[in-house]
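Comments concern the structure below.
The values are calculated or read from the model by the stated rules, or taken from the named source; none is laboratory data. From a predicted model like this one, the values you see are computed outputs, not experimental measurements. In this analysis, Cβ positions are derived from the backbone assuming ideal geometry, glycine residues included, and neighbour counts consider all displayed protein chains.
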Amino acid sequence: MGWFEQKEKPKIPQAKALWAICPKCMSHFEKKVWQDNARICPKCGYHGRLSARERIAQTADDGTFCEVFREVSYSDHLKFHDATGPYRDKVEATIAKTGETESIVVGTCEIGGHKAMLGVMDFSFMGGSLGTGTGERIARACEQAVAERRPLVLFSASGGARMHEGILSLMQMAKTSAAIGRLKDAGLPYISVLTDPTTGGVSASYAMLGDINITEPRALIGFAGRRVIENTIHQKLPDDFQSAEYLEKHGFIDKIVERRNMKAFIAKMLNYWGF
């Protein structure tokens, strides 16, 4: 065999198939450890991102979650198309990949035996972006919560408004805020849980309107990005700027709750309000 000939290299299992890597401290551990620990790093305590279904499974009592408004999805009134292709093709590919039809899943459930309307955003669906379908689902969830006298619990995880839908996506900020206003007028509580990340138009609307705003440790929460702010004000921002801990210290967040205690804390709040 000539020196330039080479046998096919044996296939070696990829590290990703065997190990989980913490994005913060870069520690390696078996994936089973990652899953069994609710996607919390056993070394540094970093809370990894969850899908909407995983979050629902951790929050709602077993067998009580009943999804609603799944038929409400995106709109493409602008026929948006950029250099990488049509918006419709991108969102349809995301639907096929994730199995979800929008960036938020909503439904009725019980949490610790207390009835609630639950909405959970999924960052894997186009960065958890706020589109027309997302806003419509939240508005309808508020309406059903009022009709059935259910408190509202929303988990946010988003990069902001879905700019593929232009001004229609930005309108959802006002639409969802008004819907939550009607919920509060009806005397129903709203618990907002901001998870990593909650930014842009979502943080500037319904995510910050809770009767109590809570978050997980180290979650990134803010509006504009660090570089945008620093280039605008020409000042260096603190290292922990836009972290959950920084926001709690400055009064933007009411409480930081670890993931393993989240369900019990929400149930405690619902019990306090008498639901």
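Against the criterion of being modelled with pLDDT under 95 and on the phi < 0 side of the Ramachandran plot, Met121 does not qualify.
Assessment of region 213-228 against the conditions (in contact (Cβ under 8 Å) with a residue 40 or more places away in the chain and farther than 30 Å from Ala139 by Cβ) yields at least one matching residue. Note on region 254-270: among residues that are among the aliphatic types (A, V, I, L, M) and within 16 Å of Leu50 (Cα to Cα), the one that is surrounded by the most Cβ atoms within 10 Å (Cβ to Cβ) is Met262. The criterion of at least 1 residues that are more than 17 Å from the chain's Cα centre (by Cα) and acidic (Asp, Glu) is met, among helices (runs of 4 or more DSSP H) falling completely within region 117-227, by 132-148, 167-185. So which residues in region 81-92 are part of a loop (DSSP other than H, G, I, E, B) and not hydroxyl-bearing (Ser, Thr, Tyr)? If the condition is that a residue be part of a loop (DSSP other than H, G, I, E, B) and not hydroxyl-bearing (Ser, Thr, Tyr), then Ala83 is the only one that fits.
Checking the stated criteria, Thr101 turns out not to satisfy the condition of being free of Cβ contacts under 8 Å to residues at least 40 places away in the same chain, under 19 Å from Leu50 (Cα atoms), assigned by TED's automatic domain parsing to the domain that holds Thr199 and crowded, with 24+ Cβ neighbours inside 10 Å. Taking the criterion of being outside any loop (DSSP other than H, G, I, E, B), of a type in the set (Asp, Glu) and in contact (Cβ under 8 Å) with a residue 40 or more places away in the chain, the only residue of region 52-80 that qualifies is Glu67.
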